Each structure stands twice: as structure tokens, then as C-alpha cells.
Amino acid sequence: MVFKRLCRVFSDERPIYSIIFCLSKIYQVMKGKLRAFILGWPNSFVGYGAQISGTQYIKTGSNIYINQFSRIQAISKYRDQEFKPLIMLGDNFSASDSLFISGIHKIIIGDNCMLGSNVYISDCNHGSYKGEGQSAASLPPKDRNLVSFGAVKIGSNVWIGNNVNVIGPVVIGDGAVIGANAIIVKDVAANTMVVGRKMKVIKKFNSNLNVWETIKKDG
């Protein structure tokens, strides 16, 4: 992919710009691969400004691509709390700029998933706001306990658009497509296309016809 892009630069751009761009790109790729190598992630790339913490609780497959200014944190301790988190990224995971994954319990993402920019995935909240033992509004948010109500499980071949929030407990099935700006707080069936803050299902994939079929409105 990188080689094809460099070839396209030479065909589309002025010579001096092409040379500078290609040298800069090669340098960025080398640094990104070095960051991934230090993390122990095989055949992977971690972009500039990325922050990865709790690495012993983060498991990855091969060929992981995480772009610049992303943050992945597996939190084992917060104030006087202790957790045993697990974050798993499958083979060929790809994320654009400013991905943020935060977990104290379990976040599992399958193979061949692609995420747009500014995607937020978390299995926890600062404070409890339902059931027993809710957090007082008078308590500063940073002083409230971290609380998880369940895991985030994302299947394989899932495409998540820009600015999407995924908050556990939630399961996103294989092959699902999540439109930009959606807030996912309940399960998404496999092979469905969901858009908007109300998680409206607009299409389903027909495997017999190999097409995405629009969901007809009642009436």
C-alpha cells in the first residue's frame, strides 16, 4: 500500500515535492514500525504521538496499524481500585488518527476491523449513575470510582466511521458497519448498517444476493 502511494505521488506531484514527501514518509514508517517492535507487536505500525499503557494487559494479532495521536490504556489501578483488564486487537486491525480505547474489564476486537478518526471505545465510566451506590454529584468526577457494567465485544470485518463512541456493555456483530457520529450503547447485529445517535438500522447484508438491502419503513 505504501509503495503504491509513493508511486502515485511521483506521478501526480512536482519532482522536488515528491522526493521530500517520499523521504518523509519512509522516515515516518520506519519510526512507526520501531514503536510497534518495542511494544512486541509483529508486522505493525504505531503512529507519532500515540500513547500505549498497560501493555501487559494488551494482546494483539499481526499487522496492526494505529495512526498518530492515538491512545490505548488498559487500566489496572486507579486510586485505591485494582482491576484485571484485557484489551485484544485482532489481525489486520486498522485505526485512523486519535483513536482512544480505555478499559478496566474486557475489550475484544476481531480480525480485519477498520476504524475512522476520533473513535472512542470504553468498557467503563467515571462514576456510577444507575442502580445502587450511585456517585454523588458533589464529588469531583476525577474522585469517583471507575465502574464497568460489562465488556465490549466487536466482531471481525467491522467498519466504524469517524467520531463514533462505543460504550460497554455492548456486542457488535461480524460485518457490521457503524456510520459516523453514532453512539453505540446497545448490541448491533451482524451484517447490519447502523447510523445516528439513535442507532437506526438502515441496511442489512443479503449474503445470497451479495448486496446491502435498504430496510423498508413500515407503512
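The values are calculated or read from the model by the stated rules, or taken from the named source; none is laboratory data. Everything numeric here is computed off the predicted structure, so don't read it as measured data. Virtual Cβ from ideal backbone geometry, glycine too; neighbours counted across all protein chains shown. Ligands, DNA and RNA are excluded from the accessible area calculation, which covers all protein heavy atoms including side chains. Shrake-Rupley method; radii C 1.70, N 1.55, O 1.52, S 1.80 Å.
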Could you check region 201-219 and list, in sequence order, the residues that are hydroxyl-bearing (S, T, Y) and in a strand (DSSP E or B)? T214
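Every residue, every condition in (1) open to solvent by less than 10 Å² (accessible area, probe 1.4 Å); (2) at pLDDT 95 or above; (3) aromatic (F, W, Y), yes or no:
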residue	(1), (2), (3)
F83	no, yes, yes
L86	no, yes, no
N92	no, yes, no
S96	no, yes, no
G116	yes, yes, no
G127	yes, no, no
S138	no, yes, no
Report every pair of residues separated by at least 6 positions or lying on different chains whose Cβ atoms are under 6 Å apart, first residue within region 197-219 and free of Cβ contacts under 8 Å to residues at least 60 places away in the same chain and charged (D, E, K, R), second part of a strand (DSSP E or B) and loosely packed, with under 13 Cβ neighbours inside 10 Å. K203/T214; K204/E213; E213/N206
Can you find a residue that is modelled with pLDDT of 95 or more, of a type in the set (S, T, N, Q) and either closer than 14 Å to D111 by Cβ or touching a Gly at 6+ places or on another chain (Cβ under 7 Å) (or both) anywhere in region 161-174? yes
Got a sec? Which of K198, K216, K153 is within 18 Å of the chain's Cα centre (by Cα) and either open to solvent by 40 Å² or more (accessible area, probe 1.4 Å) or over 27 Å from I87 (Cα atoms) (or both)? K153
In region 32-47, how many residues are under 16 Å from F100 (Cβ atoms) and assigned to a loop (DSSP other than H, G, I, E, B)? 1
Mind listing just one residue for me: the one in region 181-200 that is in a loop (DSSP other than H, G, I, E, B) and touching a strand residue (DSSP E or B) at 6+ places or on another chain (Cβ under 8 Å) and, of those, nearest to N165 (Cα to Cα)? A182
For D123, state whether it is open to solvent by less than 10 Å² (accessible area, probe 1.4 Å), of a type outside the set (V, I, T) and within 27 Å of F69 (Cβ to Cβ). yes
